[in-house]
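Contents: one structure, followed by commentary.
The values are calculated or read from the model by the stated rules, or taken from the named source; none is laboratory data. Computed from a predicted structure; not experimentally measured. With ideal geometry, Cβ positions are generated from the backbone for all residues, glycine too; neighbour counts draw on all protein chains shown.
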Amino acid sequence: MNPLWRWPMQPVAILRWLLGTYLFWQTAAWYAIGYVAWRFLTPRLDRFASLGLDDIGLLWVRNAAIMLIVIGGQHYVLYVRRAQ
């Protein structure tokens, strides 16, 4: 059972649950997505010396694709499969 719903409150167990399972994996996933986007999906910085619409469009398409994958994946799991 989640320690948030136990009574009497157990602050150490709540903190251990938040930092050990819940927040760690969620934060690690966001860091991994950010690292992959920066390392593999972002053009070299010297390309942005003269910023043009094609550079802005490239970043916009990259961000839209990441949003589609993340939000679409959440929609599929939570709404289509009705799993949580």
Given the criteria free of Cβ contacts under 8 Å to residues at least 12 places away in the same chain, among the small types (Gly, Ala, Ser) and more than 23 Å from Met1 (Cα to Cα), does Ala83 qualify? no
Test set (1) modelled with pLDDT of 90 or more; (2) assigned to a helix (DSSP H, G or I) - Thr21 fails condition number: (1)
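Hey, among Ala65, Ala13, Ala28, Ala49, which residue is of a type outside the set (Lys, Arg) and in contact with a helix residue (DSSP H, G or I) (Cβ under 6 Å, 6 or more places away or on another chain)?
Working: Ala65 fails: in contact with a helix residue (DSSP H, G or I) (Cβ under 6 Å, 6 or more places away or on another chain); Ala28 fails: in contact with a helix residue (DSSP H, G or I) (Cβ under 6 Å, 6 or more places away or on another chain); Ala49 fails: in contact with a helix residue (DSSP H, G or I) (Cβ under 6 Å, 6 or more places away or on another chain).
From the options Ala65, Ala13, Ala28, Ala49, the qualifying one is Ala13.
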Residue check for Ile56: more than 17 Å from the chain's Cα centre (by Cα) and either in contact (Cβ under 8 Å) with a residue 40 or more places away in the chain or surrounded by 10 or more Cβ atoms within 10 Å (Cβ to Cβ) (or both): yes
Which of the following residues is exposed (fewer than 10 other Cβ atoms within 10 Å of the Cβ) and among the charged types (D, E, K, R): Arg81, Arg16? Arg81
Consider Trp38 against the criteria (1) surrounded by 11 or more Cβ atoms within 10 Å (Cβ to Cβ); (2) part of a helix (DSSP H, G or I): it satisfies all of them except one. Which criterion is unmet? (1)
